[in-house]
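Participant: My structure is below; once you've seen it, I'll send some questions.
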There are 2 protein chains.
Amino acid sequence: MTELHCERAFGFRICLERGVLDPASPALARAIGDRRALIVTTPTVAMHYGTAFRRACAAAGVDVALAVRSLDEQHKTMDAVMGVAALARSVGIGRRDVLIGFGGGVTTDVVSLAASLYRRGVACIRMPTSLVGQVDAGIGLKSAVNAGGVKSALGRFDPPELVLEDPTWLTTLPARATRSGFAEIVKIAMVRDAALFELVELVGCSLVASQFTKPEAVVLPLLERSIELMVTELRQNPFEECLERLVDFGHTFSPALEIESAHVLTHGEAVAIDMAISTEIAVILGHVTSAEADRIVAVLHALGLPTTTAWATTPLLAAAADAAVAHRGGALNLVVPTGIGTAGFVRERDEIGSDLLDFSLAAVTARTERVSGRPAHVPARAL
Amino acid sequence: MTELHCERAFGFRICLERGVLDPASPALARAIGDRRALIVTTPTVAMHYGTAFRRACAAAGVDVALAVRSLDEQHKTMDAVMGVAALARSVGIGRRDVLIGFGGGVTTDVVSLAASLYRRGVACIRMPTSLVGQVDAGIGLKSAVNAGGVKSALGRFDPPELVLEDPTWLTTLPARATRSGFAEIVKIAMVRDAALFELVELVGCSLVASQFTKPEAVVLPLLERSIELMVTELRQNPFEECLERLVDFGHTFSPALEIESAHVLTHGEAVAIDMAISTEIAVILGHVTSAEADRIVAVLHALGLPTTTAWATTPLLAAAADAAVAHRGGALNLVVPTGIGTAGFVRERDEIGSDLLDFSLAAVTARTERVSGRPAHVPARAL
């Protein structure tokens, strides 16, 4: 028998700064250096930032080919990945060059996976423009595409070399996308950081209303803290070998809710509803107080996120829990708050029977009505 | 700026033993353990070993789904990879389960890449049945598929957890496949091990004629030594970050020869011709003696491998050298023998001008005729 042992070290940086596309900024020159780059973006991002980007590249003297592609959820496919790889070949990207994804989650997913596969792996830079991209999805190692009707069926854990973010890109986001992205900030605050949670209680509304411009002094610190918390979780478990992940808070029932609503609910909205239900389960199991649950529902409500929906039924939640057990190696690992800023796990599937799920749904509806002062189950289309 | 640093350790084993599919062998039980496995194989391998494999699985008590797929060069596609991934999902392969490729190079490539992508990466075992698979292609980290008319356009460097090989599988190989696989043994011997080269001179013919059964005492040691040498090279450079690779001997001109011949030449035959031409260049540049070159051409001839072909022309070799420069980060890095069992690099493209290539082609033809005692340029179809 012959054995071979190796280690592969990797590191990546997340740079959050204003003015990445200012002609005077060193950000692009520092990121790309003397390599050839292919940057892939979407029509919407090109409309807002295409001209600034071209000017910034010219000022930085970097060698960049720009491609605009429609990359929305229905283009999150291996065909799109192969299209980006073919484009990379046609513009002469070599094994030491770099692919850049500038846009939302689908753009960074598709470009990341293309970089993982092109010439057996080239460098990748992500420039996420959405809030969820900047604080959550864009800063991990994960990439994926849908295949055979299965969401994220194929993908990789490969680190980008750099995630380059500018909070001013958030000013062109639709309000609903900002609210949805905020669900991930609430998530990480809930499980790790009471101070961040209190900051969201204080300024979340204003940030949503001002498209992340006001209060100005809070924008960078709030994003930086959210990112730092995500990276701390990532550092401990970059390849998800451990299946007890605090960042799965709000991510047990939400995949089923997204699918059941035929994606009328955004990811963030489904996560918000899941967090409210998981919190109610935690109240019933005695992990968190009802007063703390009130604060969670209140902050989600203030951010304009839903906490109830008619799509959430006991059979749907039960099926989602079963799928989570299959996905998490036989354990449920439902993340539940144990206070504001701390969380734990409900590990066994049989701890959340149908009666408990029934009761949780009724309780979250009652709490939502009481906290928000309006009837729950707002029709999803009105969100 | 936030930074994240990680290391990912990996190791893989190569087990070469007789009787892997004997019901009494512990090999399969040891390899698969209590995981669920999907094994993908080809109609030809299933015909030879399907029954034995099923019996061995039953005896070992392992939980294996067997799928038979046509996996030849034209199926070396992302579609085939996605097909294997869909199959894995349909038979319930979880993130801690395993995919197994049992067959030739395309089978192990496609299954390896499917394992790299399914659920963002699951374990992979390769069971290469061809000689080239057992000593070369099957034991590296590389996988790839063709795309957009480009050979191996998309792929990965991901280690399999185990390469499980049985030399008795070589008994059912067509003679031409055995001869072609031998080209890689000659390659590694030429650049690293004079003793292995001498062993091939002594018993190569007999091993080809007997389908790797005679001389029996030599079979395992010769394969083991070839594998050990390949792994030594791999250990130093698993991700090909260094572009000066001794294992590229015979792999500078051969890709163009394979394509120019429309794959009438096998990979091993093209490698043999490349090695003969590279050796002639080394003679001209004074790196190796003409007597040593005679031994190289003689051993290839004895194994039934070609050393000349009408497809090898100066313009083709020049274009292949240019492609190598592009692929090797600007350096030619042509591997040339500096003796029997040692080699070096011709690093600069301008060291091999058209005159030198012309002269090398004429010289290899003359040497082949002298050493083999028959006219060179045997029509490829007669090989």
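Participant: Within the stretch A:282-357, which GluC sites (Glu not before Pro) sit in a loop by DSSP and count at most 16 neighbouring Cβ atoms inside 10 Å?
Facilitator: A:E348
Participant: Sticking with the crude label model, points 7 Å out along Cα→Cβ, report the distance from A:A262 to B:C15 in nm, one decimal please.
Facilitator: About 5.2 nm, to one decimal.
Participant: Hey, what's chain B come to in accessible area per residue, 1.4 Å probe, Å²?
Facilitator: Each residue of chain B exposes 37 Å² on average to a 1.4 Å probe.
Participant: Lysine pairs in the protein assembly as shown with Cα distance under 14 Å, only those 8 or more apart or on different chains: how many are there?
Facilitator: 6
Participant: Taking every Cα atom in the protein assembly as shown, find the radius of gyration and the maximum pairwise distance Dmax, and write them in Å.
Facilitator: Answer for the protein assembly as shown, Rg first and Dmax second: 29.6, 99 Å.
Participant: If you don't mind, another one. May I ask for the accessible area buried between chains B and A, both sides summed, probe 1.4 Å, to the nearest 100 Å²?
Facilitator: Roughly 5100 Å².
Participant: Report the calculated FRET efficiency for A:A52 and A:D79 (r = Cβ-Cβ distance, R0 = 35 Å), to the nearest 0.05.
Facilitator: In this case the efficiency is close to 0.70.
Participant: Which three extents, in whole angstrom, do the alpha-carbon atoms of chain A cover along their principal axes, largest first?
Facilitator: Taking the Cα atoms of chain A, the three principal extents are 62, 60, 33 Å.
Participant: Need the full-extension length gain, A:C205 to A:S354, defined as separation in residues times 0.36 nm minus the C-alpha distance. One decimal, nm.
Facilitator: 50.1 nm
Participant: On the full set of protein chains, 1.4 Å probe, figure out the accessible area of A:L220 and give it in Å² to the nearest 10.
Facilitator: Number for this one is 50 Å².
Participant: Helix B:105-117 against the longest principal axis of chain B: what's the angle in degrees, Cα atoms only, rounded to the nearest 10?
Facilitator: Computed tilt is about 50 degrees.
Participant: For B:L220, place a label point 7 Å out from Cα along the Cα→Cβ vector, do the same in each other copy, and report the separations in nm, one decimal, smallest first.
Facilitator: 6.7
Participant: Calculate the FRET efficiency for A:A326 and B:R347 from the Cβ-Cβ distance with a Förster distance of 51 Å, rounded to the nearest 0.05.
Facilitator: So, using R0 = 51 Å, E works out to roughly 0.45.
Participant: Separate question: Once both axes come from the Cα atoms, what is the angle between helix B:216-236 and the longest principal axis of chain B, in degrees from 0 to 90, rounded to 10?
Facilitator: The angle comes out at about 90 degrees.
Participant: Continuing with this model, one more query. I'd like the distance between the alpha-carbon centres of the stretch B:311-383 and the stretch A:226-257, rounded to an integer number of Å.
Facilitator: The two parts, judged by their Cα centres, are 54 Å apart.
Participant: Right, next: For the stretch A:225-383, with all protein chains present and a 1.4 Å probe, just round the carbon and sulfur fraction of the accessible area to a whole percent.
Facilitator: Heavy-atom surface of the stretch A:225-383 belonging to carbon and sulfur, 1.4 Å probe: 56 percent.
Participant: Taking a label point 7 Å from Cα toward Cβ, how far is B:D355 from its twins in the other copies, in nm, shortest first?
Facilitator: The projected label point of B:D355 is separated from its counterparts by 9.6 nm.
Participant: Heavy atoms only, 1.4 Å probe, whole protein assembly: order B:R374, A:R235 by accessible area, highest first.
Facilitator: Result of the area sort, largest leading: B:R374, A:R235.
Participant: As a test of reading the structure, rank B:S278, A:S70 by solvent-accessible area (1.4 Å probe, protein chains only), most first.
Facilitator: Largest accessible area first, the list is A:S70, B:S278.
Participant: Can you tell me the dipole magnitude for the protein assembly as shown around its Cα centre, using point charges on the Cβ only (Lys, Arg +1; Asp, Glu -1), in Debye to the nearest 20?
Facilitator: Rounded to the nearest 20 debye, it is 840 debye.
Participant: Please determine, in degrees from 0 to 90 and to the nearest 10, the orientation of helix A:194-209 with respect to the longest principal axis defined by the Cα atoms of chain A, where the helix direction is its Cα long axis.
Facilitator: The angle comes out near 70 degrees.
Participant: Extending each Cα 7 Å along its Cβ direction at A:S90 and B:F239, get the distance between those two points in nm, one decimal.
Facilitator: 3.0
Participant: Hey, rough spin-label estimate for B:A24 and B:H5, points 7 angstrom out along Cα→Cβ, what's it come to in nanometres?
Facilitator: Label at B:A24, label at B:H5, 5.4 nm between them.
Participant: What does the net charge come to around A:S112 if you take all other residues with beta carbon closer than 12 Å to its beta carbon, with K and R at +1 and D and E at -1?
Facilitator: Spelling it out: positives minus negatives among the neighbours equals +2.
Participant: Rule-of-thumb check for the stretch B:1-48: C-alpha Rg over 2.2 N^0.38 Å?
Facilitator: 1.88
Participant: Now for a separate question. I need to check one value: relative contact order of chain A, counting alpha carbon pairs closer than 8 Å and at least 6 residues apart, in percent.
Facilitator: Once divided by the residue count of chain A, the mean separation gives 13 percent.
Participant: Let me ask another. Can you sort A:K214, A:K151, B:K76 by 1.4 Å-probe accessible area, starting with the largest?
Facilitator: Largest accessible area first, the list is A:K214, A:K151, B:K76.
The values are calculated or read from the model by the stated rules, or taken from the named source; none is laboratory data. Computed from a predicted structure; not experimentally measured. Every residue, glycine as well, gets a Cβ built from its backbone with ideal geometry; the counts of neighbours run over all protein chains shown. Side chains included, ligands, DNA and RNA excluded: accessible areas come from the protein's heavy atoms. Shrake-Rupley method; radii C 1.70, N 1.55, O 1.52, S 1.80 Å.
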